[in-house]
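Undergrad: Before we start, here is the structure in question, set down as structure tokens.
The values are calculated or read from the model by the stated rules, or taken from the named source; none is laboratory data. Keep in mind it's a predicted model, so treat the numbers as computed, not measured. Every residue, glycine among them, receives a Cβ derived from its backbone with ideal geometry; neighbour counts consider all protein chains shown.
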Amino acid sequence: MRNNGPRAQAGVGLIEVLVSLLVLSIGMLGLAGLQMYSLRNNQGAMERSLAVVETHSIVDAMRADRAAALAGDFDFDTENAAGLTGETFAERSLETWRANLLNTLGPGASGVVACTSTGTNSGVCTITVRWADERSVGGPTDRETAQQQEVTTEVQL
């Protein structure tokens with residue numbers, strides 16, 4: 001018969017502690033990964049919300065001057081911003097909208113407003129906001145490969 005005294009089990013407690021620490025470390029790394037994934041998705045959700053807010057801000061300006069919107073004064077692409085003099089309410093609103101897009105969604109943000117004044121869709125305006133989701137790829141220095149996001153809203157004036 002064997003003697004399983006304390007001498008035969010020397011070091012077993014240390015191995016159990018090391019295995020427990022390994023399992024705990026892997027669990028903590030998993031939690032850190034989930035936290036990073038959650039932060040990235042929350043940032044994307046915030047940017048989508050900001051894009052919707054900016055869309056509503058230009059729609060409010062268009063509703064304030066419906067005649068100008070239907071006449072095409074609000075038809076605009078922020079990537080081709082030349083020609084805005086700021087003399088009319090529509091131009092001042094578009095300049096402000098463009099600046100807000102760049103401030104809230106980053107330097108790559110752009111917006112397009114297009115209204116239909118004739119036909120069956122008379123008074124329907126489509127507002128599109130685009131921006132680069134930098135967190136989807138590699139961070140702020142990776143604008144070229146960042147995933148492009150877009151929010152499009154159609155409204156009846």
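Undergrad: List pairs: first in segment 121-134 and touching a residue at least 24 places away in the same chain (Cβ under 8 Å), second part of a loop (DSSP other than H, G, I, E, B) and acidic (Asp, Glu), Cβ under 8 Å, 6+ apart or cross-chain?
TA: 134/142
Undergrad: Right, another one. Against the condition buried (at least 16 other Cβ atoms within 10 Å of the Cβ) and either touching a residue at least 60 places away in the same chain (Cβ under 8 Å) or within 14 Å of the chain's Cα centre (by Cα) (or both), how does residue 93 come out, does it pass?
TA: No: the conditions fail for residue 93.
Undergrad: Also, I was wondering about something else. Filter segment 45-86 down to residues that are outside any helix (DSSP H, G or I), more than 21 Å from residue 117 (Cα to Cα) and small (Gly, Ala, Ser), then give me how many there are.
TA: Residues meeting the conditions: 4.
Undergrad: While we're on this one: So, residue 75, is that one modelled with pLDDT of 85 or more, among the acidic types (Asp, Glu), loosely packed, with under 14 Cβ neighbours inside 10 Å and closer than 21 Å to residue 155 by Cα or not?
TA: Details: modelled with pLDDT of 85 or more: yes; among the acidic types (Asp, Glu): yes; loosely packed, with under 14 Cβ neighbours inside 10 Å: no; closer than 21 Å to residue 155 by Cα: yes.
Considered against the rule, which asks whether it is modelled with pLDDT of 85 or more, among the acidic types (Asp, Glu), loosely packed, with under 14 Cβ neighbours inside 10 Å and closer than 21 Å to residue 155 by Cα, residue 75 comes out as no.
Undergrad: I would also like to ask the following. Taking the criterion of being closer than 25 Å to residue 118 by Cα, in contact with a strand residue (DSSP E or B) (Cβ under 7 Å, 6 or more places away or on another chain) and part of a helix (DSSP H, G or I), would at least one residue in segment 87-95 satisfy it?
TA: Yes, the conditions are met somewhere in segment 87-95.
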